[in-house]
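The values are calculated or read from the model by the stated rules, or taken from the named source; none is laboratory data. Here the structure is a predicted model, which is why all the values come from computation and not from measurement. No Cβ is skipped: glycine too gets one built from the backbone with ideal geometry, and neighbour counts run over all protein chains shown. The protein model used for the area step is the full one, side chains on, heavy atoms only, and it has no ligands, DNA or RNA in it. Shrake-Rupley method; radii C 1.70, N 1.55, O 1.52, S 1.80 Å.
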Amino acid sequence: MTRFLLLASLLFAASGARGQSLVVYADTLYTMAGPAIVDGAVVIQDGTIVSAGPARGVRVPAGARELRGSVVTPGLVDVRSTVGLSGLLNQPQDQDALDMGGPLQPSLRAMDAYNARDELVGWLLSLGITTVHTGHSPGALAAGQTTIIKTAYDTIDEALVDSTTMMAMTVGRGVRFDSPGTRARVIAQIRAALYKGLAHAEKMDASGDAPSRDLDNEALAAVATGQMPALITAHRANDIQAVLRLAREFPQMNVILDGASEAPLVLKDIRESGVSVVLHPTMYRTGGETESLAFDTASKLRAAGIPFAFQSGYEAYVPKTRVVLFEAAVAAAYGLDRVHALEAVSIDAARILGIADRVGSLEPGKDADLVIFDGDPLETITHVCAVVVDGVVAREECF
């Protein structure tokens, strides 16, 4: 794996600045902004997409480099990961995905722990994952604030897309602390924390003098008022319903369900609530909270009209991360339309993250992130042969 990461870094550095011009030709081009295009082309200048459409009549910029592939898609988007915090070594010194100091730590920021040089980041890049929403794993009432990065860079400052994206939270028996204990107490403590955050915000607004900073309560107030979405892990049907009740109690909250193994049991409730679902990895190990997960849940969500996207999630064991493209492939094998499966790791994921104006589809003005495959992206025999990030060839080797 080391040589793949090294190669990616060298190619990215050697490719130069974002002023490079590229034209990428595809036998089949999936823009995710419309139907697939046979014999398509994407024109890139200054790190952004100039055009994406039929290759016939395309205007090639002077001096542009040309790349070709069987299938071209947008750079893939992983909507929920812990990569960069749960490191390759699987040793205490590189495991920062969950701080066990307490069940409520909303002021923690994933960006402060993210390791852009971890080899797993480069591994995801080699498989076409260009944008990742990463941070704290499930297990705490409020584990901290997540972040969005691009995988082609070796520092957080270069990689950063959004510094504080969502608050990672957990309900039910997935909470990994002896206290609070029961399901009822978990919800009660989250409610109390949110009300405390709101009270602090009101005090700050009413005070003539600037009160002392309280980072935990400031973060909780942002969650309660919808300024920071709440990414709440809930697998059991009764826990999903508890989350939806919480959302009704705090109507400004922007709640996104994470996991949702038993979503098929409460599809009507989820649909009526209007929340999106970051679906559990299709290949997640069953047992305990996740004993009811299924390969066909994605197709059921799609049929019910519920927005969702695939995640790599958290691996408690080596290699510490999954690959969302493989998750999409499994779902496609169990009833999800193949184009919809690709959407769930591109434009649909970008929409849930609130970054669809930048990534997730190949459209003029968007970041020039794309993947070149030598075959069907959802077939295991297919290779990623090139990855472009911000208009620069970040890696170029069929892997």
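Brief remarks follow.
- Using a simple spin-label model with pseudo-atoms 7 Å out from Cα toward Cβ, T182 and Q227 lie 3.5 nm apart.
- Exposed-loop-free span, longest in the chain, where GluC sites (Glu not before Pro) count as exposed if DSSP calls them loop and at most 14 other C-beta atoms lie within 10 Å: 1-290
- Taking the Cα centre of the chain as origin and assigning +1 to Lys and Arg Cβ atoms and -1 to Asp and Glu Cβ atoms, the resulting dipole is close to 620 debye.
- For the chain, share of DSSP beta bridges that run antiparallel, in % to the nearest 5: 55
- Stretchable slack from S70 to N90, in nm (0.36 nm times residue separation minus alpha-carbon distance): 3.5 nm
- Within the listed set L265, L325, L257, the residue fluctuating most in the Gaussian network model of the chain (springs between alpha-carbon atoms under 10 angstrom) is L265.
- Over the chain, DSSP H runs of length four or greater, each weighted -39,500 (n - 2.57), average out per residue to a 222 nm ellipticity of -8000 deg cm²/dmol.
- Surface composition of the chain: carbon and sulfur atoms hold 50% of the protein heavy-atom accessible area at a 1.4 Å probe.
- Computed E for D296/N238 - FRET, C-beta separation, R0 35 angstrom, nearest 0.05: 0.95
- Note on E218 and R191: with the Förster distance fixed at 25 Å, the Cβ-Cβ geometry gives a FRET efficiency of about 0.90.
- Given the chain, longest segment not containing exposed loop trypsin sites (Lys or Arg not before Pro) (DSSP; at most 16 other Cβ within 10 Å): 286-399
- Mean accessible surface per residue for the chain, computed with a 1.4 Å probe while every protein chain stays in place, in Å²: 40
- With semi-axes defined as the square roots of five times the eigenvalues of the C-alpha gyration tensor, the equivalent ellipsoid of segment 307-399 measures 20, 18, 15 Å, largest first.
- Taking 0.36 nm per residue of separation and subtracting the current Cα-Cα distance, fully stretching the chain between D154 and V58 would add 31.1 nm.
- Of the chymotrypsin sites (Phe, Trp or Tyr not before Pro) found in segment 251-333, the ones in coil according to DSSP and having at most 10 other Cβ atoms within 10 Å of their Cβ are Y317.
- Vicinal HN-Hα couplings computed from phi for segment 304-311 (Karplus, 6.51 cos²θ - 1.76 cosθ + 1.60; Hz; Gly/Pro x): 7, x, 9, x, 8, 8, 8, 10
- Stokes-Einstein diffusion coefficient of segment 24-142, Kirkwood radius over Cα pairs, 25 °C, 0.890 mPa s, in µm²/s: 143
- Straight-distance candidates among the lysines for linking to K300, with alpha-carbon spacing under 22 Å and chain neighbours fewer than 8 residues away dropped: K268.
- Chain lengthening between E379 and D205 when straightened (0.36 nm per residue, less Cα-Cα): 57.1 nm
- The amide H of L67, built 1.01 Å from its N in the peptide plane, has V23, V24, Y25 as neighbours under 5 Å, considering only residues 5 or more places off or on other chains.
- Backbone N atoms of segment 233-247 closer than 18 Å to the 7 Å Cα→Cβ label point of E272 belong to residues 237-247.
- What the Kirkwood sum gives for segment 110-182 is a hydrodynamic radius of 13.2 Å, with every pair of different alpha carbons counted.
- Applying the Karplus relation 6.51 cos²θ - 1.76 cosθ + 1.60 with θ = phi - 60° to segment 257-266 yields 3J(HN,Hα) values of 7, 10, x, 6, 4, 9, 3, x, 7, 9 Hz, where x marks Gly and Pro.
- Averaging Cα coordinates gives a centre for segment 212-234 and one for segment 269-316; these two points are 24 Å apart.
- Calculated from the alpha-carbon coordinates, the chain shows an Rg and a Dmax of 21.1, 66 Å respectively.
- Under 5 Å between amide hydrogens, built in the peptide plane, is the criterion, and for D96 it picks out S86, G87 among residues at least 5 positions away or on other chains.
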